[in-house]
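Asker: Quick one: the structure is below, questions incoming.
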Amino acid sequence: MIDRPGLAEFLRSRRHAMQPQDVGLPRGARRRTAGLRREEVAALCHMSTDYYARLERERGPRPSEQMVAAIAQGLHLTLDERDHLFRLAGHQPPLRGALSEHISPGLLRILDRLADTPAEIVTELGETLRQTPLGVALTGDATAYTGPSRSIGYRWFADPDGRALYPPEDHAALSRLYASHLRRLVTLRGPGSRAARLADLALAASPELRRLWETHEVGLRPEEVKRFVHPQVGLLELHCQTMVDPEQSHLLLVYTAVPGTESYEKLQLLAVVGAHAG
């Protein structure tokens, strides 16, 4: 059963404890609210202010598991806090580990401070969970995919149009890289895992992957410099730095260009183009 008073009190306490700068928002000189405003939390949780306000006032229907997960992510809760929130709402907490899509507060805090940099948080299967605005400008909204297509490795082999963002001369090496990574995950997670099911689907869709699969190539590592072909600014050569959350098997990928290079100038232009498109 839902614990309405406990849920409302916990939500208020977490909202009051957060500051605008914690989630990449400007504080403003005239702010009087302790912590975040309800409308700010509602926006972070992708729900209406009225719906969120009713939860804090012990009203409204019991939130679904999807709603609770969105609130936990929007409030930057730790895993223990997320599990506590689920129990207050009358739900069993989701699984932890490789299957979890709950991003740690630490990774979110870093991502929120990278507004002027292309960056994304992805799962071990290459499913994009969150992007910066410039990350969306660079690669498009990768969070919009559903089903197996959420995985960039699956899209690479099952949807040829997904390769248009990369130079043709890089395709063969990227195919080997994605095949190697997927095979490693299948062995790591075992038969019946999400990785194994995804591999089966990709193998059924791609003769190229079936050919690469037979080589049993594992252990390939991505190049530090990743090349993109953007439809508006052209070729960009970006260095990719990676931060790993080992508990959740999530990766924070940050793309930067060397100052003074053509790619650096194009990245500045992309920031303007992306802001205009938004």
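Coordinate-derived values only; no laboratory data. From a predicted model like this one, the values you see are computed outputs, not experimental measurements. Cβ: placed from backbone, ideal geometry, glycine included. Neighbour counts: every protein chain shown.
Asker: Please report Rg (one decimal) and Dmax (integer) in Å for the Cα set of the chain.
Answerer: Cα-based Rg and Dmax for the chain come out at 20.7, 64 Å.
Asker: With charges only on Cβ, +1 for K and R and -1 for D and E, what is the dipole size of the stretch 1-160 about its Cα centre, in debye, rounded to 20?
Answerer: 740
Asker: Another question, if that's okay. Roughly how many debye, to the nearest 20, is the charge dipole of the chain about its Cα centre, given +1 on each Lys and Arg Cβ, -1 on each Asp and Glu Cβ, and no other charges?
Answerer: Dipole of the chain, to the nearest 20 debye: 880 debye.
Asker: Mind putting a number on the dipole of the stretch 1-93 about its Cα centre? Charges go on the C-beta only, +1 for Lys and Arg and -1 for Asp and Glu, and I need it in Debye to the nearest 20.
Answerer: On the way: 16 positive and 12 negative charges, 96 e Å.
The calculation lands at about 460 debye.
Asker: Rounded to the nearest whole Å³, what is the per residue volume of the convex hull around the Cα atoms of the stretch 1-119? Write down the numbers at each step before the final one.
Answerer: Numbers: hull volume 12.7 nm³, N = 119.
Considering the Cα atoms of the stretch 1-119, their hull volume per residue is 107 Å³.
Asker: In deg cm²/dmol, rounded to 500, what helix-only [θ] at 222 nm does the chain give when every DSSP H run of at least 4 residues adds -39500 (n - 2.57) and the total is split over its residues? Let's see the in-between values first.
Answerer: Working: 12 runs with 125 residues, N = 278.
Rounded to the nearest 500, the figure is -13500 deg cm²/dmol.
Asker: While we're looking at this one, here's another question. Taking the Cα centre of the chain as the origin and placing charges on Cβ (Lys, Arg +1; Asp, Glu -1), which of Pro259, Ala17, Thr132 is farthest toward the positive end of the dipole?
Answerer: Result: Ala17.
Asker: To the nearest 0.05, what FRET efficiency results for Arg62 and Ala173 with a Förster distance of 51 Å applied to their C-beta separation?
Answerer: Using R0 = 51 Å, I get an efficiency of 0.55.
Asker: In addition: With r as the distance between the Cβ atoms of Asp159 and Glu237 and R0 = 25 Å, compute the FRET efficiency 1/(1 + (r/R0)^6) and round to 0.05.
Answerer: 0.55
Asker: Moving on. Does the stretch 68-191 classify as rounded, prolate or oblate by the C-alpha gyration tensor (a ≥ b ≥ c root eigenvalues; a/c under 1.5 gives rounded; else a/b over b/c gives prolate, otherwise oblate)? Don't jump to the answer; show the numbers that get you there.
Answerer: Numbers: a/c = 2.50, a/b = 1.52, b/c = 1.65.
The shape class here is oblate.
Asker: Name the residue farthest towards the positive end of the dipole of the chain from the options Ala202, Val272, Tyr178, assuming +1 on Cβ of Lys and Arg, -1 on Cβ of Asp and Glu, about the Cα centre.
Answerer: After comparing all options, I get Val272.
Asker: Continuing with this model, one more query. If R₀ is 41 angstrom, what is the calculated FRET efficiency for the pair Ala34 and Arg96, using the beta carbon separation as r and rounding to 0.05?
Answerer: Computed FRET efficiency for Ala34 and Arg96: 0.85.
Asker: Quick one: what Rg and Dmax do you get for the stretch 82-134 from the alpha carbons, in Å?
Answerer: Answer for the stretch 82-134, Rg first and Dmax second: 13.4, 40 Å.
Asker: OK, next. Report the Cα-based extents of the stretch 140-232 along its three principal axes, largest first, to the nearest Å.
Answerer: Sorted largest first, the three principal extents are 43, 27, 24 Å.
Asker: When N is the residue count of the stretch 113-272, what does its C-alpha Rg come to as a fraction of 2.2 N^0.38 Å?
Answerer: Computed over Cα atoms of the stretch 113-272, the ratio equals 1.04.
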